[in-house]
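*Asks:* Take a look at this one; I'll ask things after.
Each value in this text was obtained by applying a stated rule to the coordinates, not by laboratory testing. Note that the structure is a prediction, hence the values are computed from the model and not measured. FYI the Cβ positions are ideal-geometry reconstructions off the backbone, even for glycines, and counts take in every protein chain you see.
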Amino acid sequence: MQRQVLPMVAILGLILLSQPGRAATITTLKSLKLDVPTSDTMFPGPGSDAINNNCLACHSADHVLNQPSLSREAWQEVVNKMITAYKAPVSPDDAKAIVDYLARTKGTS
Amino acid sequence: MQDHDVQPSGLTRRRVLGGMGIAGLALMSSPALAQETVDLHVPGGPSTRMLTTSYPQKGRMILQRSSPPWLETPFEVFDKGVFTPNDQHYVSWHWANFPGDIDVNKFQLTVRGQVNQALSLSLNDILQGFPRFDIAAVNQCAGASRIYAEPRVAGAQWANGAMSNALWTGVRLKDVLDRAGVKPGAIAVRFGGLDEPVMPDAPKFLKSLSIDHARDGEVMIAFGMNGEQLPLLNGFPLRLVVPGWCGVYWIKMLNDIEVLDQPDTNYWTATGYRVPDTPHNTVKPGATGFKMVPVTGNAPRSFITNIRNGDSVPAGTPASARGIAFGGDCGVARVDLSIDGGKSWQPTKLGADQGTYGFRQWQTAFTLSARGAHTLMVRCTNTKNEAQPDFRTWNPAGYLFNTIEATHVLAA
């Protein structure tokens, strides 16, 4: 999709719009009570039980679905990091099933 | 600036972003359920992201991860001015456990460790008890633009919107430390917020600065952002602002300051966020044997904001290019534009200086005389005389990418 770049005369006006921010005098802060959205999306397809059961407590599925395709070795490294650095309590059998799922659905080969 | 204090009642209910992954994409053809998306134009994909307006106090944002939230600033926002609106300042959390409910009368900031007098400060103590100052500073994630790494690497797949600039208002960390009285032998200061890991054994998110850096008079405990209190997702009520350094140090919901007389051994300081100790922190993919060092300061960057890849530019007629730049951990000395793919460069005119660590606008006129494809490039040189590299930088974790940006246009 192409956009036309406006001729210079049309643009010069816009550049002047940006005003320096001025810090207002903040005297008090107001309490907040807000709900932050979560996600109920699950990993789809066969072999997804292990990844659904082990991974979604800490992060939503889109964290993984938005990753690039990676080699099995790279996915193994990611799963190892989750277990060793971030202390995800994943059994060795589940870790293998998770790497299998990722290598199959988001692998490079 | 909008008033964020009044929330529509719908936000008080728990909301679940349903079917945002594969299911959402499958439904896009249905007009009733159409979801606005953005194409990040990344080879190899996945390139499409949802745009969301579902997060409290946040406007239209690129949804990189639902929980814990990674919300990216849509790139067109950067064309509107040097200060990013609070409701489109990017959002990044490491752990999902952080409160949505903060009572300003109960919040306490603790200062402890190697100090003569441990402190427990109320928000009123912070707002009324210390001199305040303002500073413009870009908050940029260390992994900004990771999606453009070649070869690709795992991690938050940020495009160019994991950076935002604000005019921060707060008190000097130095003044707060002086109130507590730093003991001789202190070497570092460690910062923590209200966020907690989901798994009890996981490392709490903490970062440290050297005692000298912490006391440099620029590091801020911020309670104001562009003249308003901080949005919850940007760290309300208090956030550490470390001008010139990557966002990972800018601890959100800051409630604990610990002065240390030993090196900080926690995971996030001692192990995480590492780059090769090489020029431009760059190595060849697959290379080994280099020393790794912590991510610290930002590197210079610049962007054209009014012309995007694939745009058409009138041939033979002067056109205007403009954008933003930042020096990284110092100011912007110059920004140059190339209209011939980097063979020659012409200086641009810098906009008003709003502060060493903030975005600086630049603009210039250029003429593409020949019809056809052209490549525009923009290059920032900072006040330390460090220029953006003209080759693709790469490191294993995809940190501190700052290669010169190229914009491909068609002169017609």
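*Asks:* Assuming R0 = 60 Å, can you tell me the calculated FRET efficiency for the pair B:Phe133 and A:Ser48, based on Cβ-Cβ distance, to the nearest 0.05?
*Replies:* Details: r = 52 Å, r/R0 = 0.87.
For R0 = 60 Å, the calculated efficiency reads 0.70.
*Asks:* While we're looking at this one, here's another question. If R₀ is 45 angstrom, what is the calculated FRET efficiency for the pair A:Ser71 and B:Thr383, using the beta carbon separation as r and rounding to 0.05?
*Replies:* Working: r = 42 Å, r/R0 = 0.92.
That pair, A:Ser71 with B:Thr383, gives E of 0.60.
*Asks:* Another one. What aspartates and glutamates could a cross-link reach from A:Lys96, if we take a straight Cα to Cα line under 17 Å and drop same-chain neighbours fewer than 8 places away?
*Replies:* A:Asp49, A:Glu73, A:Glu77
*Asks:* Leaving out same-chain residues fewer than 8 places away, which aspartates and glutamates sit with a Cα under 19 Å from that of A:Lys33?
*Replies:* B:Asp3, B:Asp5, B:Asp87, B:Asp101, B:Asp103, B:Asp195, B:Glu196, B:Glu228
*Asks:* Near B:Lys174, which lysines are there with a Cα under 22 Å away, not counting those fewer than 8 places off in the same chain?
*Replies:* B:Lys183, B:Lys207, B:Lys252
*Asks:* I need to check one value: relative contact order of the stretch B:300-412, counting alpha carbon pairs closer than 8 Å and at least 6 residues apart, in percent. It would help to have the intermediate numbers written out before the result.
*Replies:* On the way: 292 pairs, mean separation 40.8, N = 113.
Value for the stretch B:300-412: 36 percent.
*Asks:* Starting from the amide H of B:Trp245, placed 1.01 Å from N in the peptide plane, find each other amide H under 5 Å away whose residue is 5 or more places distant or on another chain.
*Replies:* Those lying under 5 Å, H to H, from B:Trp245 are B:Asn298.
*Asks:* Also, quick follow-up: Around B:Ile62, what is the net charge, scoring Lys/Arg as +1 and Asp/Glu as -1 over all other residues with Cβ under 12 Å from its Cβ?
*Replies:* With Lys, Arg at +1 and Asp, Glu at -1, the neighbours total -1.
*Asks:* Give me the distance in nm between label points sitting 7 Å out from Cα along the Cα-to-Cβ direction at A:Lys81 and B:Thr53, one decimal.
*Replies:* Label-label distance for A:Lys81 and B:Thr53, simple model: 3.5 nm.
*Asks:* Let's test the formula: R0 of 35 Å, r as the Cβ-Cβ distance of B:Asn266 and B:Asp178. What FRET efficiency results, to the nearest 0.05?
*Replies:* Between B:Asn266 and B:Asp178 the formula returns 0.90.
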